[in-house]
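One structure below.
The values are calculated or read from the model by the stated rules, or taken from the named source; none is laboratory data. As the structure is a prediction and not an experimental result, all values here were calculated from the model. A quick note on method: Cβ atoms are made from the backbone with ideal geometry, for glycine too, and the neighbour counts reach across all protein chains shown.
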């Protein structure tokens, strides 16, 4: 019994040591406010420090946050440096080390490496593409100061880096690189489809189809034009098979998701009539793809030449969701003749009666369900006058996508985590029961019972800390992504978003069109 008590106490100490905080929530709120105000300089300094993601296990998040901030601030070369690191690390983390598996089993998941949610791993590729494309478009590596920092984020040394003007060959390299990353992105999405068959979760992305089509149009070869044509046609299939899971696209999304595993073998006509009631946003994206395909054989003068992509808002933050799990007391290994005594002790420690099934609780992360229903209009002005108005086509309802990804993950992890947490509680109860038995003869049943239960309560708090939900996430992703394309002559323009219902118009950004480039892809944050 002494051996059991020693092992159990060691176990409790271990889980307390492994428990940690997944980032300072007050600092995270402050950081997100900076980004919303477009104060990227202050946000960068904060992210480079150690107030949010300071540990090695969160390096993936640090890279994507720094990359996003540099991209939003127009520092495309530094953005690319960070997204390249993120891609490399993401691929390494895809295979989990044995030591991290052990840490993830015993302690808080926040003590483990952050591997990235499916949509995050996917969008690393999208952001890398944007960095490459913007370097191609800008034709310059910006000047910056290379900093070496210690593990607390304090600057140790600096080295100024001069700007580099890119010649045509180097510019072309970045366009080719963007197309190469697009292939990698599509490969990851295909893997998601295979490994998550039957699950309602993130599997495909319209951005890969529509932005991919623009990249290939930019390359302007017969092969590239055919690839772009195929991507536009595939976009409709993406909506049909995957985006109908989202309320933003399908009023019957609940029925669609409920019978999702049955749909692959069903005829398209039957599926559409039974499980799909297209929302205006659904109709809009399909019409947009159709219109682009219809203009395929028209002259260049008749085709849209400017593609505007708007990253609106910020993705919903992860929150805590509590779950309950039954704990089987009679399965615990105790000395012969003391099983009933142990069950009685455990029931008092857990504050349950004989007729109630004892349960323990634990946390998993979730994201608030935030569907997009607004119909927004893209307004393009030149010298204050409206030159074009088109609907903002919703291509990524990211907060909604994230909700289903975490919901699917919670469903698959529920039994595993529940069993793990139950095992921790059984171990803690056995240790406390051993204390109770050892003190019973010396101090009497009452004091011994109080001592044993007090010991369990301390251990239970340690277990609760060790099983806190991992709330780490890519904080600067948008709430949604919308796009549309326009036929515009050379000049300087302003891009506004208009809510037709409220008549509120918001300046999204400014851009210029020159007569040298046939296709312009412009992204706004």
Checklist entry - Taking region 378-408 as the search range and keeping residues that are touching a helix residue (DSSP H, G or I) at 6+ places or on another chain (Cβ under 6 Å) and closer than 18 Å to residue 306 by Cα, which one is surrounded by the fewest Cβ atoms within 10 Å (Cβ to Cβ)? => result 391
Next on the checklist: Go through (1) without any contact (Cβ under 8 Å) to a residue 40 or more places away in the chain; (2) closer than 30 Å to residue 400 by Cα for residue 505 and report which single condition fails.
Outcome noted: (1)
Checklist outcome for this item: Apart from one, (1) in a helix (DSSP H, G or I); (2) in contact with a helix residue (DSSP H, G or I) (Cβ under 9 Å, 6 or more places away or on another chain); (3) at pLDDT 95 or above all hold for residue 204; the odd one out is (1)
Checklist entry - So which helices (runs of 4 or more DSSP H) stay within region 208-302 end to end and still have 2 or more residues that are under 24 Å from residue 481 (Cα atoms) and modelled with pLDDT under 95? => result 222-241, 280-294
Item to check | Conditions (1) within 27 Å of residue 319 (Cβ to Cβ); (2) in contact with a strand residue (DSSP E or B) (Cβ under 6 Å, 6 or more places away or on another chain): number failed by residue 393 | outcome: (1)
Checklist entry - From the list 426, 504, which one is over 15 Å from residue 342 (Cα atoms) and surrounded by fewer than 22 Cβ atoms within 10 Å (Cβ to Cβ)? => result 504
Checklist outcome for this item: Checked against (1) buried (at least 17 other Cβ atoms within 10 Å of the Cβ); (2) touching a strand residue (DSSP E or B) at 6+ places or on another chain (Cβ under 7 Å), residue 277 satisfies every condition except (1)
Checklist entry - Taking helices (runs of 4 or more DSSP H) that do not extend beyond region 1-90, which have at least 1 residues that are at pLDDT below 95 and either closer than 30 Å to residue 457 by Cα or touching a strand residue (DSSP E or B) at 6+ places or on another chain (Cβ under 9 Å) (or both)? => result 2-18, 25-36, 40-48
Checklist entry - From the residues in region 313-361 that are assigned to a loop (DSSP other than H, G, I, E, B) and modelled with pLDDT of 85 or more, which one is nearest to residue 120 (Cα to Cα)? => result 315
Next on the checklist: Here is a check on your reading of the model: is residue 110 modelled with pLDDT under 95, surrounded by 21 or more Cβ atoms within 10 Å (Cβ to Cβ) and outside any loop (DSSP other than H, G, I, E, B)?
Outcome noted: yes
